[in-house]
Amino acid sequence: MTSSAKIEPPKRRRPRDRRASILRAAGAAFAESGYHGTSMADIAAAVGISATALYRHFRNKQELLGQCLLIGLDTTLARLDEAARAEEPKTRVLTELVAVALELRGLPRLWQLEFRSVSPEDRQAVLVRVVRLTGYLRRAVRAHRPDLSAPEVELLSWCVLSVAVSPSYHQVDLPATTFVDVLDGAVLALITADLPPEVPHARPATRAPQPSGTADFERTVRPERMIAAAARLFNTRGYAAVGIEDIGAAVGVSGPALYHHFASKSDLLNEIIERNDQWIRLYTSRALAEGRDAGESMRLLLRYYVRFALDEPDLLGTTVSEVGHLPAPQARRYRRTHREGVLGWARMLQSARSELSLPVARVLIQAISTVVIDAVRNPRSVRRADLLDALAAVGDRIAFSVPLSEAAAPTAP
């Protein structure tokens with residue numbers, strides 16, 4: 001028996017969560033390859049759709065980036081708002097921040113690296129949400145430490161945020177409960193830090209200009225000035241937004257004059273990152289040589305690290321944010337060097353606190369590093385004349401005062 005009726009193929013229905021899937025894929029791609037290194041085609045391929053279909057949901061890549069940040073922050077704020085209405089808000093807010101930061105582990109890195117790439121409208125919307133977020137943290141810190149002044153509460157609030165989001169900047173993996181215990185312990189430890197007495201005058205924001213010398217002297221120091229100018233521009237604007245003409249103008253020469261000293265802009269970035277690594281090796285060796293035991297060396301290392309971060313924020317900031325713009329072999333080499341450096345610091349801390357497992361020590365070191373990096377890039381924090389002592393005190397609390405649960409202890413051989 002035959003039929004002349006035409007059989008229609010089943011209609012393909014668009015998944016209800018397609019928009020959410022796109023945002024997840026975009027956030028992961030931006031965090032991995034950076035905004036400028038990610039195309040709409042890359043995101044579409046990750047979702048399994050065409051680029052044309054992607055544009056039905058988002059007008060452009062910039063809108064996608066803004067939505068990734070705003071939705072992540074809205075999720076965080078909703079969780080903190082619920083925690084703030086709990087019976088013990090001063091503790092619940094802090095523990096909820098740690099929990100949501102671990103769940104949205106890539107969001108903080110995306111915020112730090114790509115905030116300047118969002119549209120002006122989305123940038124303002126992000127800042128409004130960040131103000132709300134830090135308001136929750138200030139109230140929680142104030143509930144724990146009613147003795148602190150407003151500037152001290154603000155500083156510790158930013159430190160709490162840095163600790164909570166620090167897993168976004170490394171790939172150390174721990175069991176979920178252990179991770180939460182360690183970070184909760186770090187947050188509660190730093191809140192109890194004894195901060196130094198406030199100093200009424202602020203640290204100088206910039207260095208005094210260097211005097212000009214002879215023409216020969218100028219030619220000799222010009223590469224150093226190019227490195228310093230490029231680091232400042234890369235740190236404030238981002239590598240992709242800075243041209244060789246910008247660097248040349250910053251040191252009073254034409255852009256192409258850069259090529260008398262560096263093969264390319266990328267070569268200049270590599271030199272900046274190498275300078276950062278040289279400083280790290282220098283003060284690490286100094287701390288090891290001067291310390292009488294592992295604990296003293298660890299404390300010296302922390303203080304030298306903060307001093308370097310305050311003195312060279314552009315070297316440090318460029319290294320943290322712009323390494324992805326290096327050619328792949330150089331980027332891999334730097335990341336390997338960075339991991340080895342963190343591992344060395346973690347072993348030093350483990351020597352001072354034998355009850356720590358190496359992964360837990362690494363998590364604590366990364367938390368301290370994130371606190372310092374965020375503080376020296378925060379315009380409000382760097383106005384504190386006592387920031388070196390304050391960050392050293394916070395770092396000491398995180399390194400030596402975090403209580404250790406049985407789950408975080410080293411495994412017996």
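Points worth noting:
- Contact map, region 64-83: first residue free of Cβ contacts under 8 Å to residues at least 60 places away in the same chain, second residue open to solvent by less than 10 Å² (accessible area, probe 1.4 Å) and outside any helix (DSSP H, G or I), Cβ cut-off under 8 Å, separation 6 or more or different chains; pairs are L64/F58; L65/V118; Q67/F58; L69/V118.
- Per-region count, region 28-76, residues of a type in the set (S, T, N, Q), closer than 26 Å to A328 by Cα and outside any loop (DSSP other than H, G, I, E, B): 2
- Subset of region 340-364 (residues that are within 10 Å of M298 (Cβ to Cβ), open to solvent by 10 Å² or more (accessible area, probe 1.4 Å) and of a type in the set (A, V, I, L, M)): M348, A352
- The set of residues in region 260-280 being loosely packed, with under 13 Cβ neighbours inside 10 Å and either within 22 Å of the chain's Cα centre (by Cα) or among the small types (G, A, S) (or both) consists of A263, S264, Q278.
- When residues of region 146-166 are limited to those that are open to solvent by 40 Å² or more (accessible area, probe 1.4 Å) and in a loop (DSSP other than H, G, I, E, B), the one nearest to Y136 (Cα to Cα): P146
- Per-region count, region 234-268, residues acidic (D, E) and under 18 Å from L316 (Cα atoms): 1
- Any hit, region 380-391, residues being within 20 Å of L195 (Cα to Cα), open to solvent by 20 Å² or more (accessible area, probe 1.4 Å) and β-branched (V, I, T): yes
- Selected residue (criterion: most open to solvent (accessible area, probe 1.4 Å)) from residues of region 238-259 that are farther than 24 Å from N378 by Cα, assigned to a helix (DSSP H, G or I) and small (G, A, S): A249
- Considering only residues in region 210-237 that are small (G, A, S) and at pLDDT below 90, the one that is least open to solvent (accessible area, probe 1.4 Å) turns out to be G213.
- Looking only at region 278-297, residues that are among the acidic types (D, E) and either free of Cβ contacts under 8 Å to residues at least 24 places away in the same chain or within 16 Å of A309 (Cα to Cα) (or both) come to 2 in all.
- Breaking point among (1) part of a loop (DSSP other than H, G, I, E, B); (2) modelled with pLDDT of 95 or more, for A385: (2)
- Where V131 falls short, out of the listed (1) open to solvent by less than 20 Å² (accessible area, probe 1.4 Å); (2) free of Cβ contacts under 8 Å to residues at least 24 places away in the same chain: (1)
- Qualifying residue in region 296-310 (condition: open to solvent by 50 Å² or more (accessible area, probe 1.4 Å), modelled with pLDDT under 95 and assigned to a helix (DSSP H, G or I)): no
- Here L73 does not fit the description of being out of contact with any Lys or Arg (no Cβ under 6 Å at 6 or more places or on another chain) and open to solvent by less than 40 Å² (accessible area, probe 1.4 Å).
- E103, sole failed condition from (1) free of Cβ contacts under 8 Å to residues at least 12 places away in the same chain; (2) surrounded by 17 or more Cβ atoms within 10 Å (Cβ to Cβ): (2)
- Being within 13 Å of L161 (Cα to Cα), modelled with pLDDT of 90 or more and under 23 Å from the mean Cα position of the chain (by Cα) is a property that L94 has.
- Residue in region 47-60 that is within 25 Å of the chain's Cα centre (by Cα) and surrounded by fewer than 18 Cβ atoms within 10 Å (Cβ to Cβ) present: no
- All conditions in (1) open to solvent by 30 Å² or more (accessible area, probe 1.4 Å); (2) in contact with a helix residue (DSSP H, G or I) (Cβ under 8 Å, 6 or more places away or on another chain); (3) part of a helix (DSSP H, G or I) hold for Q124, with the sole exception of (2).
The values are calculated or read from the model by the stated rules, or taken from the named source; none is laboratory data. Every value quoted in this text rests on a predicted model; they were computed, and no experiment measured them. Here Cβ is always computed from backbone atoms with ideal geometry, including for glycine, and neighbour counts include all displayed protein chains. Surface accessibility is based on the protein's heavy atoms, side chains included, excluding ligands, DNA and RNA. Shrake-Rupley method; radii C 1.70, N 1.55, O 1.52, S 1.80 Å.
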